[in-house]
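Contents: one structure, followed by commentary.
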Amino acid sequence: MYFSFQNQKVERHYIKIHAPWKVLAREAENAKLKVPLQESDIDMESWHRAWGLKAKLKAIDPMEIRDATIGEKKEYFMTYFQRNHLDSYLGHNNKDTFFDVKDRLFLVEQLLDETRFGEGHAGIGINNLIYSGTYQAAYPLHEGPDLLEPEVSPSNDRQRLRSDWAQFKRIFKYQPYEAIKDYFGSAIGLYFAWLGFYTAWLVPCALAGLLVFLYGVGASADQEPVKDLCDSGNRGKWIMCPLCDRQCDYWNLTDSCMYSRVTFWFDNEGTLAIALFTSIWATLFLEFWKRRQVVLAHEWHVEGFEEGEEQLRPEYVALVTRLKRNPVTGKMEPREPKGARYRRLAVVASIITFMILLVLACVIGVIVYRAAVFSVLSAFGQRNIRLRAKMITSGTAAVVNLIAINILKIVYNRLALWLTEWENPRTRTDYEDSFTYKMYLFQFVNTYSSIFYIAFFKSDLVVGTPSRYKRVSVGGRDFRFEGCSAQGCFLELCIQLLVLMVGQQIIGNVTEILLP
């Protein structure tokens, strides 16, 4: 592990920390680290394995990596490390490789977090030294370069992961979860395991939705409501009220032929089936992920693992000078008075509430935008524009909403970070939890408020009914709130979801590639 610091001449120096075997062994025993006792001789026999189907399926599976540089890892019986039983463990003859790289890094980091260099809680741990400016950073080193020369075989775990995992050509291949866990640790390995599990489970959901959509496209021409609206002989039979005040005239329901046809693509007899399927899918996904998580925890030997007493954040120790005895450990620790704590939470809650109200104000602004734009387009001189006024309004409003969402997200991300720093949680876990709660609450309101408006509130309650329409004043002119079409708001909801979800994915991917 390296440290970097600067002296008065602004010269950067590095210090490499190495823990000898005796120190690692002592810390591993204190941390109850698990090590391999012997190779597992349990054969998990199953019907597909007994018939040789597993090997046959693996040979033809297109998602398997054929030229893998990461071999399959053996299974071991694990036990807690004890120094007086060293001869009982596998690999005890070579102390340099007895502990894995991630285990050595974990032990060294734990040692640095517990090392005292001064008085009080402000004099414990490398994080306090970084916070005070003594060191600029502390980080573990990779095993070597990740890029390889042509025709050169990987020589370390980093190069193997780059070859078998972190390449665009491996996008449709299985992830090497064991290798990811061994290199980055169980937490990062579990994240990528969840990501792969979630992506795989999205496939049947996407296929079911695609089938329902294709059914709607194929069957739309045979539906009686669509045929009636698209029959030119019915023109003049159904006269509808004007869509806006003064500029708009009465209109024929048959003018919404294309809108009704497209609406049926998304809202048809299969919509109820896909809604039921999605509800069952979500429940099964959650339960099967719980099962998968337990299996991984057992295979990775981290079930029942609990971290030791977490160190206080350096910022908390530096700002909180009042000491109070910990009833569990009996030690005197910095403890912020409850009154000061509640005042901070009240200020944070007030600012969060203000930001949420700001999001709702942006949604109201988009609603006003829809009313004004729809009124203008409905009275436009070109008939094609008038017929597509609803789609144009929905699409442009969704884009405006997407821009507002991302601008507010950038602002709130910095605000939430500043609020969490000012709130000054005790531990790193408390810090991450507090930041997560703020971001989750804001992101939920920021992303889904416009969708909730269209799905549940954009009705007669907000828009009104003939002779009792609700209006909004913009620039001295009154505009009626834009209501749902004769076919309902389902297509409008689909357009909103499409623009927001696809737009967020595009912005996220571009940002990760250009600004990693």
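One residue stands out in region 109-151 among those that are in contact with a helix residue (DSSP H, G or I) (Cβ under 8 Å, 6 or more places away or on another chain) and at positive phi: the one that is surrounded by the fewest Cβ atoms within 10 Å (Cβ to Cβ), namely Gly144. Residues in region 280-312 that are open to solvent by 70 Å² or more (accessible area, probe 1.4 Å), of a type in the set (Gly, Ala, Ser) and at pLDDT 85 or above: how many? So the count comes out to 0. Selection of first residues in region 409-422 that are in contact (Cβ under 8 Å) with a residue 60 or more places away in the chain and acidic (Asp, Glu) and of second residues that are open to solvent by less than 40 Å² (accessible area, probe 1.4 Å) and assigned to a helix (DSSP H, G or I), restricted to Cβ pairs under 9 Å at least 6 apart or on distinct chains, gives the following pairs, ordered by first then second residue: Glu421/Tyr431. Going residue by residue through region 242-260, is there one that turns out to be surrounded by 11 or more Cβ atoms within 10 Å (Cβ to Cβ), out of contact with any Lys or Arg (no Cβ under 9 Å at 6 or more places or on another chain) and modelled with pLDDT of 75 or more? Yes, that holds for at least one residue.
Filtered by the rule that a residue be among the charged types (D, E, K, R) and surrounded by fewer than 17 Cβ atoms within 10 Å (Cβ to Cβ), region 69-108 gives Glu72, Lys73, Lys74, Glu75, Arg83, Asp87, Lys95, Asp96, Asp100. Taking the criterion of being touching a residue at least 12 places away in the same chain (Cβ under 8 Å) and open to solvent by 40 Å² or more (accessible area, probe 1.4 Å), the residues of region 431-459 that qualify are Phe435, Leu441, Gln443, Ala455, Ser459.
Could you list, ordered by first residue, the pairs with Cβ atoms under 8 Å in which the first is in region 360-379 and more than 19 Å from Ser256 (Cα to Cα) and hydroxyl-bearing (Ser, Thr, Tyr) and the second is assigned to a helix (DSSP H, G or I) and open to solvent by less than 30 Å² (accessible area, probe 1.4 Å), at least 6 apart or interchain? From region 360-379, the pairs are Tyr369/Ala397.
The residue that is modelled with the highest pLDDT, counting only those in region 6-37 that are open to solvent by 90 Å² or more (accessible area, probe 1.4 Å) and in contact with a Ser or Thr (Cβ under 9 Å, 6 or more places away or on another chain), is Tyr14.
Scan region 79-120 for residues that are of a type in the set (Ser, Thr, Tyr) and closer than 13 Å to Leu24 by Cβ and the total you get is 1. For region 360-384, filtered to residues that are β-branched (Val, Ile, Thr) and open to solvent by 70 Å² or more (accessible area, probe 1.4 Å), the residue that is farthest from Phe444 (Cα to Cα) is Val376. Among residues of region 336-356 that are closer than 18 Å to Leu319 by Cα and open to solvent by 50 Å² or more (accessible area, probe 1.4 Å), those with a Cβ under 6 angstrom from a residue that is in a helix (DSSP H, G or I) and modelled with pLDDT under 90, sequence gap 6+ or separate chain, pair up as Arg344/Glu423. Elements of the type helices (runs of 4 or more DSSP H) sitting completely within region 402-516 and holding at least 3 residues that are at pLDDT 80 or above and among the charged types (D, E, K, R): these cover 428-452.
The values are calculated or read from the model by the stated rules, or taken from the named source; none is laboratory data. If you're wondering where the values come from, they're calculated on a predicted model, not measured in any experiment. Positions of Cβ are generated from backbone atoms using ideal geometry, with glycine treated the same way; all protein chains shown enter the neighbour counts. Heads up: the accessible areas ignore ligands, DNA and RNA and are worked out on the full protein's heavy atoms, side chains in. Shrake-Rupley method; radii C 1.70, N 1.55, O 1.52, S 1.80 Å.
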